[in-house]
Amino acid sequence: MYEGMENAINKYGLCNGLQLMFSAQNECALPVWQGTEYGFAFLQKDRPNTVLKDTLPAQMAAVLCGQANRIDCCFSQGTASVQGKAMVQHRVQEQGNAELYLTLDAPDLQELGITRRSEEQLEQILREELGQAFEQITTDCCVPGFDPLRMGVWVWAARGQTDELPPLSLEVSFES
């Protein structure tokens, strides 16, 4: 088991996240070993735990929370795969939304099934699935009083002290 976990740490550029258990009083977000791959858990005081077991949402959550720097998994119901370095940038508008920019740097997109789709089609499918995962994360975890994606620091830097986080949006880009 330990060897499998060590391989996952290296494969995904993963941090264990344990240090984050002590950085926020009411919440914690950390990778969860599932035997062959990892999931991702959001633990929030007085709320049900949210555990992402599917690999794409779990890996995206780890990247958005600063605990991984790669995405390496299947998508499109297992008919395609993606491998690549992932980076997140934050942008807070003076008035309006807070935006997260997820950039996949030179991703290797592979068709695994018999269907042959173009790279642009695979990128579009991946973009949609990442958007769905982001929607799931923000709906389940980004509720008043909790900041699992650590947007509060960016909002404070742009606007000063605020009690409420603005609506979040995600933009996915691919760089070669």
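The values are calculated or read from the model by the stated rules, or taken from the named source; none is laboratory data. Bear in mind that the values here come from a model prediction, so they are computed numbers and not experimental data. Reconstructed Cβ throughout: ideal geometry from the backbone, glycine too, with neighbour counts over all protein chains shown. Each accessible area value is taken on the protein alone, full model and side chains, heavy atoms only, with ligands, DNA and RNA left out. Shrake-Rupley method; radii C 1.70, N 1.55, O 1.52, S 1.80 Å.
A few comments on the model shown:
- Comparing Asp46, Asp54, Asp105 in a Gaussian network model of the chain (Cα springs below 10 Å), the most mobile by mean-square fluctuation is Asp46.
- In Å², nearest 10: area of Arg150 left accessible to a 1.4 Å probe: 110
- Of the trypsin sites (Lys or Arg not before Pro) in region 26-85, the ones in a loop by DSSP (not H, G, I, E or B) with at most 13 other beta carbons within 10 Å are Lys45, Lys53.
- Rel. contact order, % - alpha carbon contacts under 8 angstrom, at least six apart, the chain: 20
- Identified option (computed Rg/Rh (Cα atoms, Kirkwood Rh); candidates (i) 1.07; (ii) 1.10; (iii) 0.97): (iii)
- Taking the charge dipole of the chain about its Cα centre, with +1 at Lys and Arg Cβ atoms and -1 at Asp and Glu Cβ atoms, the residue from Asn49, Gln59, Gly78 reaching farthest to the positive side is Asn49.
- Val153 versus Gln121: modelled label distance in nm, points set 7 Å from Cα along the beta carbon direction: 4.2
- Mean Cα-pair separation over length for region 33-114, i.e. relative contact order, pairs under 8 Å, 6 or more apart, %: 20
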